[in-house]
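The values are calculated or read from the model by the stated rules, or taken from the named source; none is laboratory data. Worth saying up front: this structure is predicted, and the values here are computed from it rather than measured. With ideal geometry, Cβ positions are generated from the backbone for all residues, glycine too; neighbour counts draw on all protein chains shown.
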Amino acid sequence: RLDANHIAAVPEDSFEGLLQLRHLWLDDNSLTEVPVRPLSNLPSLQALTLALNRITRVPDYAFTNLSSLVVLHLHNNKIKTIGKHCFDGLDNLETLDLNYNNLVEFPEAIKALPNLKELGFHSNYISIIPDGAFAGNPLLRTIHLYDNPLSFVGNSAFQNLSDLHSLVIRGASMVQWFPNLTGTTNLESLTLTGTKISSIPINLCQEQKTLRTLDLSYNNIKELSSFRGCHSLEEISLQHNQIHEIGDDTFQGLSSLRILDLSRNRIHQIHKEAFTTLGAIVNLDLSFNELTSVPTEGLSGLNQLKLAGNLELKEALAAKNFAKLRSLSVPYAYQCCAFWACDAYASSSADEAGRQGQGAVVGGEKADADGLRNDENEELRQTIIHCTPPTGAFKPCEYLLGSWMIRLTVWFIFLVALFFNLLVMLTVFASCTPLPSSKLFIGLISVSNLFMGVYTGILTFLDAVSWGRFAEFGVWWETGSGCRVAGFLAVFSSESAIFFLMLAAVERSFAAKETMKKGKSHRHKQFQLAAALALVCAAGAGCLPLFRSAEYSASPLCLPFPTGETPSLGFTVTLVLLNSLAFLLMAVVYTKLYCGLEKEDLSESCQSSTIKHVAWLIFTNCIFFCPVAFFSFAPLITAISISPEIMKSVTLIFFPLPACLNPVLYVFFNPKFKEDWKALRR
């Protein structure tokens, strides 16, 4: 052993007389070339290690006298070129290690190694493997060629390697055809990834009957031929291809298959009998495809099932079809409800199981029936361990509005908002006389608040229709047009009400000043134009999330507000900041207005009542806006942890509450309403 020294050169007569030396370690030194002359004196040498040196090239006939050599290690050098005859004379060599070097061309010198069984040249810079590359190595069992920037592999490069057990080719981006494996019939593991292969040979499984692992991921495969005949296959990876359909005979007869990965393809249909014969399968990945349904026959033994990303897969899965499932990922949280992710579903199914248990114990004692029921319930509760995405307050299994307190509050807001806003609109717009700007804004705010009342009415109606089984409606509601319409109404109503209130505050300020100076305001047309502009801005704010369906579909409340899983908070934060600036402007305008009123006596009852009414609206709306704004920013503050239940309660109550309170304040506390009501009754 001469390894781990600082040897830079080996004298020519160093090994003279060592005719029986069988093992020589010269690794981890400072050699810059192969010591050809010294090695020629070792005819009995069987193992040679020149690894971890600084060798840059291997010359022709470098090992010509080492006919007994079986193992040769040249890894971790700086070898860039190899002579075409450098391995001549190594007739008994079985292992050649050229890993971790700087080779840029395939080492064609290996054709002189008829007994080679293990070849390694991974982690080099080889880009091309030519046709017939291993024609002189019929006994090869293992080839390590990964981590090379392969761009081309000859179609006949791997023919007639009857002892080859494993073949790994990654990233050969120029390869368009499946390699010809004629005569290579004992492969157990085949990996071809990152190529442009578009099809699999029909006779693959007729030739590769011993194949156990097949990885054809990251290719351009569009159609799958039948794998019938690959009875030993245990794992198939076909992710990141262009597969569109799975036929009934694609996986027929694969009784040993345990893992099947078909994720990130374009599969839109799977035959109902595609998995019927896969009795041993435990892991199936169908995520990120275009499926609308999933066949369940033959999948009763699954431990893990991945269906995430199939946005068109909206039907619920039946837990009874997956008795051994332990991990499940689905496109929508509501599909987890059937797998005990929700207490309500668990309890209802447990009750059903209990009734079946009682029916089975005919004539038995009640205690025995209870015991049987408990055992069955325990077995059912252990049906699944983990299901994603999880259910919760914003993804309920049973009731959309949750508790009775929230439900009654939302019903109250809906009814009051609907009735009183219609009443205010009637008294404001029923008059035949031209509307002053102050009255116009009161009416426009009521119109906006009415839309919010309609939004809460939609939620209450949906809660009533889906009573106790919201999971059956949740997916269709969130992804449907109804949710987008409801979300638009909510955002449009909220934004337009704030904009109109801001204009009302500005109008009252200008009107008070001009009334004190000129006795009358002349800005009616300007404020009408401003109201139209505010209407357009509010409509634009409501339409923006329509172009990003994930915003309104983040929760069944159909609001672009944080629900714990909103993909982007940008829109929400922008709205909150704009609304905050609007309330700040209102506060500044009204502060200046009241400071001016302290100096000048403004005793007109009409002006005074309207100014006070707008002040009350600003105060109450700002108070209710603050909790909503806080919870909108909460996800950005990592130090704050707020439960989804609280966030949902605040959203359902404080967000629509101004739509209920605004008309009530006008009806009961503004004398102008009584005058308009009396005039209307005449």
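So, in region 232-291, exactly how many residues are of a type in the set (S, T, Y) and either over 26 Å from K196 (Cβ atoms) or over 25 Å from the mean Cα position of the chain (by Cα) (or both)?
Number of matching residues: 6.
Under the condition of being assigned to a loop (DSSP other than H, G, I, E, B) and among the β-branched types (V, I, T), which residue from region 222-250 is farthest from T210 (Cα to Cα)?
Ranking the qualifying residues of region 222-250, first place goes to I243.
Would you mind stating whether V10 is farther than 20 Å from T81 by Cα, surrounded by 14 or more Cβ atoms within 10 Å (Cβ to Cβ) and either without any contact (Cβ under 8 Å) to a residue 24 or more places away in the chain or aliphatic (A, V, I, L, M) (or both)?
yes
So, of the residues in region 428-462 that are touching a Gly at 6+ places or on another chain (Cβ under 9 Å) and assigned to a helix (DSSP H, G or I), which turns out to be surrounded by the fewest Cβ atoms within 10 Å (Cβ to Cβ)?
Selected residue: F429.
Looking at the structure I just gave you, is R484 within 43 Å of the chain's Cα centre (by Cα), surrounded by 15 or more Cβ atoms within 10 Å (Cβ to Cβ) and outside any helix (DSSP H, G or I)?
No.
Can you spot a residue in region 251-260 that is closer than 21 Å to F288 by Cα and not in a loop (DSSP other than H, G, I, E, B)?
Scanning region 251-260 turns up at least one residue that is closer than 21 Å to F288 by Cα and not in a loop (DSSP other than H, G, I, E, B).
Consider only pairs whose beta carbons are under 8 Å apart and that are at least six residues apart or on different chains; among these, list those whose first residue lies in region 309-334 and is farther than 13 Å from E290 by Cα and whose second residue is assigned to a loop (DSSP other than H, G, I, E, B) and among the aromatic types (F, W, Y).
These pairs meet every condition: A319/W340; L328/F322; Y334/F470.
Does any residue in region 165-182 that is over 17 Å from E207 (Cβ atoms) come within less than 6 Å, Cβ to Cβ, of a residue that is surrounded by fewer than 14 Cβ atoms within 10 Å (Cβ to Cβ) and not hydrophobic (A, V, I, L, M, F, W, C) six or more places away or on a different chain, and which pairs are these?
From region 165-182, the pairs are Q176/K196.
Inspect all residues belonging to region 145-163 and state whether any of them is charged (D, E, K, R) and at negative phi.
Yes, region 145-163 contains at least one residue that is charged (D, E, K, R) and at negative phi.
Within the group T427, T479, which residue is within 29 Å of T572 (Cβ to Cβ) and not small (G, A, S)?
Result: T479 is the single residue among T427, T479 that is within 29 Å of T572 (Cβ to Cβ) and not small (G, A, S).
Can you tell me which residues in region 261-316 are at positive phi and touching a Gly at 6+ places or on another chain (Cβ under 6 Å)?
F288
Could you check region 110-213 for strands (runs of 3 or more DSSP E) lying wholly inside it with 1 or more residues that are within 25 Å of E94 (Cα to Cα) and among the small types (G, A, S)?
118-120, 166-170, 189-193
Among the residues of region 113-127, is there at least one that is touching a residue at least 40 places away in the same chain (Cβ under 8 Å) and either under 51 Å from the mean Cα position of the chain (by Cα) or assigned by the TED database to the domain that holds Q20 (or both)?
Yes: one or more hits.
So the check is Cβ under 6 Å with 6+ separation or different chains; which pairs have a first residue in region 209-237 that's outside the structural domain of V282 (by the TED database) and a second one that's among the β-branched types (V, I, T) and surrounded by fewer than 17 Cβ atoms within 10 Å (Cβ to Cβ)?
none
Within region 572-682, which helices (runs of 4 or more DSSP H) (wholly inside it) include 1 or more residues that are out of contact with any Cys (no Cβ under 9 Å at 6 or more places or on another chain) and modelled with pLDDT under 85?
The helices (runs of 4 or more DSSP H) meeting that bar are 605-633, 644-654, 671-681.
For region 301-321, how many residues meet the condition of being over 17 Å from the mean Cα position of the chain (by Cα), assigned to a loop (DSSP other than H, G, I, E, B) and surrounded by 15 or more Cβ atoms within 10 Å (Cβ to Cβ)?
Here the count works out to 5.
Could you list all residues from region 13-46 that are under 25 Å from K80 (Cα atoms) and among the acidic types (D, E)?
Correct list: D27, D28, E33.
Do you know which residues across region 129-146 are under 37 Å from the mean Cα position of the chain (by Cα) and surrounded by fewer than 19 Cβ atoms within 10 Å (Cβ to Cβ)?
Listed by number, the residues that qualify are H144, Y146.
When region 282-330 is examined, which residues are found to be of a type in the set (A, V, I, L, M, F, W, C) and more than 16 Å from R264 (Cα to Cα)?
V282, L299, L302, A316, L317, A318, A319, F322, A323, L325, L328
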